[in-house]
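A quick write-up on the structure given underneath.
Please treat every number below as a calculation from the coordinates, not as lab data. None of the values given here were measured: they were computed from a predicted structure. Cβ sites come from the backbone with ideal geometry, for glycine too, and all protein chains shown count toward neighbours.
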Amino acid sequence: MSRKLVCPIEIVDDHIKILSPRIGIFKAQKKNENKISGGEIFGQLFILGQNYSLVLPPQLSGRIKSFSSNENIFDVAFKDEIMTVLAENLTTSQKKESSQHTHDSYIKASMDGLFYISPSPQSPPFVKIGDEIKPGQTIGLIEVMKSFYPMKYQGNTSVCLVDILIENATPISCGIKIYRVK
């Protein structure tokens with residue numbers, strides 16, 4: 001049984017770009033013009049001998065407009081466009097939210113593991129909404145096999161933390177958005 005990965009998306013007007021959550025080899029299980037619903041498996045991603053089922057985020061549905069390759073199987077890099085979906089149920093608030101965040105940036109997970117926002121349950125978080133984050137600053141911990149790795153901000157300039165997108169002690173995958181910053 002393969003594990004499921006929910007694909008990140010990018011909303012452009014009434015189209016939704018479905019992006020690859022990781023590097024690998026994509027194999028389509030749907031065809032152009034097929035209808036697709038949130039949570040539905042639309043393809044497989046093969047990563048270093050492991051098989052992952054790719055699913056559409058649960059709140060979205062529509063019709064597949066096109067895949068980014070004419071081939072049924074093709075290589076994808078992290079955040080490469082896999083396919084475009086014509087949205088059926090894209091609300092005005094989702095479109096507005098997408099356009100509001102076009103100038104925002106995201107700090108993403110650098111590895112798979114369990115994400116912690118503070119060094120211990122009793123300690124204050126490394127960062128809070130509204131904080132200025134400086135290059136090299138520790139902004140969280142990632143636990144992998146009982147080892148803790150500090151997550152440091154890798155940007156070149158300071159940014160302001162706008163939103164925390166992940167709950168404390170949440171399992172994460174490489175590339176998942178953790179913080180939204182300006």
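About its Cα centre, the chain has a charge dipole of approximately 180 debye under the convention of +1 per Lys or Arg Cβ and -1 per Asp or Glu Cβ, with nothing else charged. Where the alpha-carbon atoms of the chain are placed on the principal axes, they occupy 51, 39, 28 Å, in descending order. When only Cα pairs below 8 angstrom with a gap of at least 6 residues are kept, the chain shows a relative contact order of 19 percent. Beyond 22 Å in Cα-Cα separation lie the following of the pairs K134/K177; K30/K177; K79/K134; K4/K30; K4/K177; K17/K134: K30/K177; K79/K134; K17/K134. Counting only DSSP beta bridges whose two residues both lie in the chain, roughly 95 percent are antiparallel. For the listed peptides 48-55, 19-26, a ranking on the average number of other beta carbons within 10 Å per residue, highest first, reads 19-26, 48-55. With contributions of -39500 (n - 2.57) from each DSSP H run of at least four residues, the per-residue ellipticity at 222 nm computed over the chain stands at -1500 deg cm²/dmol. Placing unit charges on each Cβ (+1 for Lys and Arg, -1 for Asp and Glu) gives the chain a dipole about its Cα centre, and among I73, M145, Q59 the Cα reaching farthest toward its positive end belongs to M145.
Exposure proxy shown here: for K31, K177, the number of other Cβ atoms within 10 Å sets the order, fewest to most, as K31, K177.
Going from the residue with the fewest nearby Cβ atoms within 10 Å to the one with the most, C7, C160 rank C160, C7.
When Y106, Y149 are ordered from fewest to most other Cβ atoms inside 10 Å of their Cβ, what list results? Write out the running numbers ahead of the final one.
On the way: Y106 16, Y149 13.
With the sparsest Cβ surroundings first, the list reads Y149, Y106.
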